[in-house]
1. Would you confirm whether or not the stretch 218-238 contains a residue that is in contact (Cβ under 8 Å) with a residue 60 or more places away in the chain, among the polar types (S, T, N, Q) and more than 30 Å from Lys426 (Cβ to Cβ)?
2. Scan the stretch 333-364 for residues that are touching a helix residue (DSSP H, G or I) at 6+ places or on another chain (Cβ under 6 Å), assigned to a loop (DSSP other than H, G, I, E, B) and over 17 Å from Tyr300 (Cβ atoms) and jot them down.
3. When residues of the stretch 306-319 are filtered for being on the phi < 0 side of the Ramachandran plot and either surrounded by fewer than 18 Cβ atoms within 10 Å (Cβ to Cβ) or in contact with a Pro (Cβ under 6 Å, 6 or more places away or on another chain) (or both), how many remain?
4. Give, as residue ranges, the helices (runs of 4 or more DSSP H) completely inside the stretch 115-228 that count at least 3 residues that are open to solvent by less than 30 Å² (accessible area, probe 1.4 Å).
5. Any chance you could count how many residues in the stretch 247-266 are assigned to a loop (DSSP other than H, G, I, E, B) and of a type in the set (D, E, K, R)?
6. Touching a residue at least 60 places away in the same chain (Cβ under 8 Å), among the aromatic types (Phe, Trp, Tyr) and within 21 Å of Thr169 (Cβ to Cβ) - does that describe any residue in the stretch 402-418?
7. Is there a residue in the stretch 380-387 that is surrounded by 17 or more Cβ atoms within 10 Å (Cβ to Cβ) and hydrophobic (A, V, I, L, M, F, W, C)?
8. Run down Ile404, Ile370, Ile397 and say which single residue is among the β-branched types (Val, Ile, Thr), in contact with a helix residue (DSSP H, G or I) (Cβ under 7 Å, 6 or more places away or on another chain) and open to solvent by 30 Å² or more (accessible area, probe 1.4 Å).
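The values are calculated or read from the model by the stated rules, or taken from the named source; none is laboratory data. Quantities reported herein were computed from a predicted structural model and do not represent experimental measurements. Please note: Cβ atoms are built from the backbone with ideal geometry, for glycine as well, and neighbour counts cover all protein chains shown. Protein only, heavy atoms only, side chains kept; ligands, DNA and RNA dropped before computing areas. Shrake-Rupley method; radii C 1.70, N 1.55, O 1.52, S 1.80 Å.
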Amino acid sequence: MFSKETYIQRRKELKRLVGSGIIVLLGNNESPCNYPNNAYYPFRQDSSFLYFFGIQRDGLAGVIDIDADRETLVGDDIDIEDIVWYGSVDSVRDLAASVGVGHTAPMRQLRDIFDEAKAKGRTVHYLNPYRYDNKLQLFDLTGIHPDRQKASASMALIKAVVKMRSVKTPEEIEELERAAEIGYKMHTTAMRLTKPGVTEKYIGGQVDGVAHSYGAQVSFATIFSQHGEIMHGSPSMAKLEDGRLALCDAGAETVNNYCSDNTRTYPVNGRYSQRQLEIYSIVEACHDHALQVARPGVKYMDVHFAVCRMMFDRLKELGLAKGDTDEALSAGAHALFLPHGLGHMMGMDVHDMEGLDQINVGFDEQTRPILDQFGTNALRMGRRLEEGFVVTDEPGIYFIPALIDNWKASGHCAEFLNFDQIETYKDFGGIRIEDDLLITADGCRFIGKDRIPYHPKDVEAFMANN
């Protein structure tokens, strides 16, 4: 939790950007796992509520009356039965005071706020909810069916939240650096433990434990798999095999809810084969190229295609691709190997603010998504970069057997792809290298003072000595 003044200033700026009306930010409730008293742990507050109110407790809402310049924390005090089981907690009034909010109200009065605003013809601004309990609560308050709430959400509020949360302040960057420190420990733990015969599930569990042991949690479900060609491959009970590659995509979320997100791909036996090195060196070069290209004023879509161009040229050198590179990219041929975008926004959410609809977060009036091309339609971040943005840099090359078969059978992009040669890589898997980029005044830098090993010699040396 930051200082009281931080939250006061954030709400002041939000009021300025939205202009008039009433803003309602719903916090999250506990989420039952398999019965009401067995909730998913730890509790995770809604990020936008946290950004403006900074309070971790469940069952709250924040109301900002812009015109009256009145802020209210809405929620019920914890009763004695909950105190018996979970201990005493601050009252709603004390919680409000801790972040500079002058008024409180019980949850039942939230309906009165909506009804009074409707009677007076005032605008109530709310964000599109992503949890079903909040969708039902909003349905009760507004009469708007959950299927239509996204369309009726306040675009003025969405734009204001995106504008503010996109640019990270120095105190936020410090939190992101803390997340990176924990992420470093998570990934180096995985690298130390990786060896033939160990199960994916064991290493994935150890990685998660590192995050929790430092007072944090994972920023997303840990990916650890020998099948790197599967974008989100969950750890299985399969044993690691000599000669295979292991891909670990994992991140931490600090106690103040700022995230890290890194990926490394390394040999199970500690030594890359020549064929693995040939593909790995392309991904390595693309990863580093983004660091040279990304800077304020540059569209991240252009960084994405600069990386794709380098990748395709290098794949042509290996005989896997052919033809004019620009024509190949225009046709989408590169997506056989890279079926996702270069990266996404990072912050309090690992895919920062994606719940507000990716088109509002990753694009702007100048840069629109390309929705009609496989692979490119998965680009989450294309907009012009600004100082203070944090984005991921995560190129990869994947050999997905079903996708290869599909494209080969249909002849899709056959003029740019050597399918006979590609066939020989169907047992290869996939490689991804990912770090988090902070856009600075004159360029960018990676977040995290300790770099998780990714240059091949560094990876092999680390695994040999640990």
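1. Pass one, the stretch 218-238, residues in contact (Cβ under 8 Å) with a residue 60 or more places away in the chain: 219-220, 226-231.
Filter again for among the polar types (S, T, N, Q), leaving 219, 226.
Filter once more, so that each one left must be more than 30 Å from Lys426 (Cβ to Cβ): 219.
Yes, the conditions are met somewhere in the stretch 218-238.
2. Met348, Asp349
3. Matching residues across the stretch 306-319 total 6.
4. Here the list reads 132-142, 155-166, 170-193, 200-213.
5. Going through the stretch 247-266 one residue at a time, the tally reaches 1.
6. No; the residues of the stretch 402-418 include none that is touching a residue at least 60 places away in the same chain (Cβ under 8 Å), among the aromatic types (Phe, Trp, Tyr) and within 21 Å of Thr169 (Cβ to Cβ).
7. Scanning the stretch 380-387, I find at least one residue that is surrounded by 17 or more Cβ atoms within 10 Å (Cβ to Cβ) and hydrophobic (A, V, I, L, M, F, W, C), so the answer is yes.
8. Ile370
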